[in-house]
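Would you mind keeping the following structure in view while I ask a few things?
The values are calculated or read from the model by the stated rules, or taken from the named source; none is laboratory data. From a predicted model like this one, the values you see are computed outputs, not experimental measurements. Cβ placement follows ideal geometry from the backbone for every residue including glycine, while neighbour counts extend to all protein chains displayed.
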Amino acid sequence: MSKEFSRSRRVGEQIQRELAQLIQQEIKDPRVGFVTVSAVQLSRDLSVAKVFISTLNKEQNIKEILAVLTKASGFLRREIGQRIKMRIIPELRFVHDVSIERGSELSALIDQAISSDSQNKKEN
């Protein structure tokens, strides 16, 4: 069982690298903008890949980006199939990854708490 996990993780990492490159170089739609492929999670049978994407620009409409990438998923699968030798190329399902945004919000809250704590110490 651990061997399956190891293989699915390795294949997921390779798909992540290829997708990041393909989205950056081949997708010419201006609605996509700057998108990062943060992770790829493969199903146990390697038939479905959940692709987590994030963007640092909060003004970009994430629903529109997901729609564009979903529409281009056939093209992306074909390109991945040419770059990676696999019997079955997984179906791509794009999901918004909010972990980076949450991390930056938490970091801002921590910085705010530290600065208010240091101000309280100066007053006392």
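Given Gln82, Gln16, Gln24, which one is assigned to a helix (DSSP H, G or I), farther than 26 Å from Arg102 by Cβ and not small (Gly, Ala, Ser)?
Going through Gln82, Gln16, Gln24 in turn, the sole match is Gln82.
Within 17 Å of the chain's Cα centre (by Cα) and modelled with pLDDT of 90 or more - does that describe any residue in segment 56-64? So that I can check it myself, show each step before the final result.
The first filter runs over segment 56-64 and keeps only residues within 17 Å of the chain's Cα centre (by Cα), leaving 56-58, 60-64.
Next, from what is left, pick out any that are modelled with pLDDT of 90 or more: none.
For segment 56-64, residues within 17 Å of the chain's Cα centre (by Cα) and modelled with pLDDT of 90 or more: absent.
Per-residue answers, yes or no, for (1) β-branched (Val, Ile, Thr); (2) farther than 22 Å from Arg9 by Cβ:
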| site | (1), (2) |
| --- | --- |
| Pro30 | no, yes |
| Asn57 | no, yes |
| Gly81 | no, no |
| Ile89 | yes, no |
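With respect to Arg102, is the statement that it is under 18 Å from the mean Cα position of the chain (by Cα), surrounded by 10 or more Cβ atoms within 10 Å (Cβ to Cβ) and assigned to a strand (DSSP E or B) true?
No; evaluated as a whole, the condition is false for this residue.
Another one. Being touching a residue at least 40 places away in the same chain (Cβ under 8 Å) and either more than 27 Å from Ser6 (Cα to Cα) or assigned to a loop (DSSP other than H, G, I, E, B) (or both), is that true of even one residue in segment 30-40?
No; the residues of segment 30-40 include none that is touching a residue at least 40 places away in the same chain (Cβ under 8 Å) and either more than 27 Å from Ser6 (Cα to Cα) or assigned to a loop (DSSP other than H, G, I, E, B) (or both).
While we're here: Tell me yes or no: at least one residue of segment 42-56 is within 25 Å of Arg7 (Cβ to Cβ), among the charged types (D, E, K, R) and assigned to a loop (DSSP other than H, G, I, E, B).
So far as segment 42-56 goes, yes, one or more of its residues are within 25 Å of Arg7 (Cβ to Cβ), among the charged types (D, E, K, R) and assigned to a loop (DSSP other than H, G, I, E, B).
How about segment 34-55: which of its residues are closer than 13 Å to Arg9 by Cβ and hydroxyl-bearing (Ser, Thr, Tyr)?
Answer for segment 34-55, where residues must be closer than 13 Å to Arg9 by Cβ and hydroxyl-bearing (Ser, Thr, Tyr): just Ser43.
Residue-wise test of (1) closer than 20 Å to Leu22 by Cα; (2) out of contact with any strand residue (DSSP E or B) (no Cβ under 8 Å at 6 or more places or on another chain); (3) surrounded by 10 or more Cβ atoms within 10 Å (Cβ to Cβ).
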position: Lys58; (1), (2), (3): no, yes, no
position: Leu76; (1), (2), (3): yes, no, yes
position: Pro90; (1), (2), (3): yes, no, yes
position: Ala113; (1), (2), (3): no, yes, yes
